[in-house]
Amino acid sequence: MVEVVIGAAVVLVVMAALGVLLAVRVSRLRSSGTAVLFRSLPAGDDRGWRHGTIRYTDDAVRFHRLSSLRTGPSRVFARQSIELVGRRAPAGTEFDVLDAMTVVAIRVGEDRYEIAMSAGAITAFSSWLESRPSVRSQRRRSA
């Protein structure tokens with residue numbers, strides 16, 4: 001009987017610690033990034049969306065999934081390899097989750113993704129992409 005109580009206490013302490021870690025991660029990410037929903041394609045009509053934040057650097061965008069305990073980003077995309085393919089409004093049951101958001105389709109190499117974000121976030125993302133240095137200027141600097 002004592003072993004069962006001790007075992008249950010250990011499980012509760014571990015679960016509480018994981019809960020605290022997750023809460024700290026979520027609050028830290030939400031305060032320092034742009035809130036988005038992200039999914040890899042192909043995906044079902046309203047399947048595969050992951051809540052997270054994106055952070056921009058000079059040469060990459062980093063997606064941090066909110067429901068992950070990973071210390072680093074879940075995905076990193078090099079700025080030079082991102083191609084903006086299109087935009088669309090949420091469709092079908094996506095309206096329930098993607099309220100007041102627009103879905104942006106991107107291609108990174110052969111892989112395709114969708115990112116749902118607010119109008120202001122789309123403006124920032126597009127500006128960040130369009131202001132990237134050309135491949136030619138990067139070659140000149142490295143020579």
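Which of (1) modelled with pLDDT under 95; (2) farther than 19 Å from residue 34 by Cβ; (3) in contact with a Ser or Thr (Cβ under 9 Å, 6 or more places away or on another chain) does residue 112 not meet, given it meets every other one?
Looking at each condition in turn, residue 112 falls short on (1).
What number of residues in segment 107-134 are polar (S, T, N, Q), over 14 Å from residue 56 (Cβ atoms) and more than 16 Å from the chain's Cα centre (by Cα)?
1
For residues that are more than 20 Å from residue 47 (Cβ to Cβ) and either hydroxyl-bearing (Ser, Thr, Tyr) or exposed (fewer than 11 other Cβ atoms within 10 Å of the Cβ) (or both), tally how many sit in segment 87-123.
Counting residues in segment 87-123 that are more than 20 Å from residue 47 (Cβ to Cβ) and either hydroxyl-bearing (Ser, Thr, Tyr) or exposed (fewer than 11 other Cβ atoms within 10 Å of the Cβ) (or both) gives 7.
For segment 9-125, please list each of the strands (runs of 3 or more DSSP E) lying entirely inside it that holds at least 2 residues being polar (S, T, N, Q).
Answer list for segment 9-125: 34-41.
Suppose the filter is assigned to a helix (DSSP H, G or I), of a type in the set (A, V, I, L, M, F, W, C), under 26 Å from residue 119 (Cβ atoms) and modelled with pLDDT under 85; does residue 4 pass it?
No; evaluated as a whole, the condition is false for this residue.
Taking segment 69-86, which residues are among the basic types (Lys, Arg) and surrounded by 12 or more Cβ atoms within 10 Å (Cβ to Cβ)?
Within segment 69-86, 75, 79 meet the criteria.
The values are calculated or read from the model by the stated rules, or taken from the named source; none is laboratory data. Not measured: the values here are computed from a predicted model. As a convention, Cβ positions derive from the backbone with ideal geometry for all residues, glycine included, and neighbour counts pool all protein chains shown.
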